[in-house]
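Only one structure is covered here, and it is reproduced in the block below.
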Amino acid sequence: MKALVFNGPRDIRFETYPDPMLKTENSVIINVERCSICGSDLHMYHGDNLGKASYSDGVQPFCVGHEFTGEIVEVGKQVHRFKVGDKVLASGGAPCGECSHCLSGHAQVCDGWTAFGLSTGLNGGQAEYVNVPMADLTLQPIPEGISAEQSILLTDAMCTAYFGLTRTGLLPGETVAVVGLGPIGLIGVELAFILGASEVFAIDPVANRRSHAAGLGATALDPAQALPIIMDKTKGAGVPRVFEASGAKTAVELAIKIAGRGSTASFIGLPQPDVQLPMLKVLFKDITIRAGVASVIDQWPHLIPLLQHGRLKAEGLFSHTMDLSEGAEAYRLFDAREDNVVKIMMNV
């Protein structure tokens, strides 16, 4: 098959790779139709293995990507929810389904949870075919009435946005700040209004992302001016709810600065290596810190009805559509933030 293959830092190639086989009887093989690049994929692209030993140029090549949709073409004997021909979307990784965390509904902290597309242990879905273990738990039939773009967003970005925003404890009538306006942050802005926010401060250094947020009704701010404007509008109180969606050092620092006393700040962005939480400010402002990785499968029941009833749109987030064969250029473009890129869809 053809796939996007990681051969080392900043070395992703469109090349031939062995076809996947069913590794377990609870697995399926998917013929991938669409996939996309997540901001967290850039950590891998740069050679960072999410807290583990960094990738070297001699790494065993693997297929990348954890956001994908497609059609099932082979089914293991222990798969009960799906059959050949089903159109499905996948969560960003596969839990073991057997540990105490999985059995208690906390698959996001599964002892054996593995992300797609970070090693040969679980090859990713930016490929013509992909093996998906624990299929009954990991997959979701593509719901009726939602678009191809929305389906891809349900594999990770939309779920992470809902998870991170709701962990702020946002109540109807409250003000919330969203720091970082990538796809997750922009979906967070839209969700904040759906959940009843009276005002949303949307903060990002990139002008076109601020414009998108303003179109959703947010007060869009450049980070350089955000602190004085927010303090003026809140009469010095700061905001009671903060959703930080980038992991950038300056964004994390700003999130704590604009948070009010007794506030809650939720962090879901994979942090840059030099990020440090200013604990003295957290202590004296009595800020409740929430941080974590979303269990994608647990967010689907909340989000799918919002999409099907037209309350949540999540439109205009895919700034570029490319073919999988152009994947190396897609990664370069996304990493460089050229051409007003927000998110890239790839057709397989």
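Pop out the Kirkwood hydrodynamic radius of the chain from its pairwise C-alpha distances, inverse of mean 1/r, in Å to one decimal. One over the average 1/r among Cα pairs gives 20.6 Å for the chain.
Quick one: among Phe334, Phe243, Phe116, which has the greatest mean-square fluctuation in a GNM of the chain with alpha-carbon springs under 10 angstrom? Between Phe334, Phe243, Phe116, it is Phe334 that shows the largest mean-square fluctuation. Here's the list of aspartates and glutamates a cross-link from Lys77 could span, going by alpha-carbon distance under 13 Å and ignoring same-chain residues fewer than 8 apart: Glu25, Asp136. Only DSSP H runs of four or more residues enter the estimate; each adds -39500 (n - 2.57), and after division by the residues of the chain the mean residue ellipticity at 222 nm equals -8000 deg cm²/dmol. Annotation: amide H-H contacts under 5 Å for Ile344 (H modelled 1.01 Å from N, sequence separation of 5 or more, or interchain): Ile37. GNM remark for the chain: springs join alpha carbons under 10 Å apart, and the peak mean-square fluctuation among Gln272, Gln140, Gln126 falls on Gln272.
Mind checking which aspartates and glutamates have their Cα closer than 16 Å to the Cα of Lys343? Skip sequence neighbours fewer than 8 apart in that chain. Within the straight-line limit of under 16 Å, Lys343 reaches these aspartates and glutamates: Asp41, Glu67, Glu149, Asp156, Asp204, Glu315, Asp323, Glu326, Glu329, Asp335.
Would you tally the net charge around Pro172, using a Cβ to Cβ cut-off of less than 14 Å, leaving Pro172 out, and scoring K and R as +1, D and E as -1? Neighbourhood net charge equals -1.
As a calculated quantity, the FRET efficiency between His309 and Leu171 at R0 = 35 Å, using C-beta atoms, amounts to about 0.95. With all pairs of different C-alpha atoms in the average, the Kirkwood value for the hydrodynamic radius of the range 199-332 is 17.0 Å. Count the net charge of all other residues whose Cβ sits under 10 Å from the Cβ of Ala192, scoring Lys and Arg as +1 and Asp and Glu as -1. Residues close to Ala192 contribute a combined charge of -2. Each Lys or Arg adds one and each Asp or Glu subtracts one; over the other residues with Cβ under 14 Å from the Cβ of Glu67, this totals -2. Relative contact order for the chain: 17 percent, from Cα pairs under 8 Å spaced at least 6 residues apart, divided by residue count. Derived scalar couplings between HN and Hα for the range 259-273 equal 5, x, 5, x, 7, 10, 10, 10, 10, 10, x, 5, x, 5, x Hz in order, rounded to whole Hz, by the Karplus curve 6.51 cos²θ - 1.76 cosθ + 1.60 (θ = phi - 60°), x for Gly and Pro.
Across all directions, the average flat footprint of the convex hull enclosing the Cα atoms of the range 180-228 is 3.1 nm².
Distant-in-sequence amide contacts of Gly93, defined by a placed amide H-H separation under 5 Å and a gap of 5 or more residues or a different chain, comprise Phe116. Considering only Ser40, Ser54, Ser104, the Gaussian network model of the chain with Cα springs below 10 Å gives its largest mean-square fluctuation to Ser104. Amide H contacts under 5 Å for Ala177: Phe201, Arg241, Val242, Phe243, restricted to partners 5 or more places along the chain or on a different chain, H placed in the peptide plane at 1.01 Å from N. As a size descriptor, the averaged projected area of the C-alpha convex hull of the range 274-348 was calculated at 8.8 nm². Counting beta carbons within 10 Å around each of Ser319, Ser266, Ser198 and listing the fewest first gives the order Ser198, Ser319, Ser266.
Every read-out reported here was derived from the displayed coordinates using simple, explicitly stated rules and does not represent laboratory data. Note that this is a predicted model, so its numbers are computed, not measured. Neighbour counts are summed over all protein chains in view; Cβ atoms, including those assigned to glycine, are modelled from backbone coordinates with ideal geometry.
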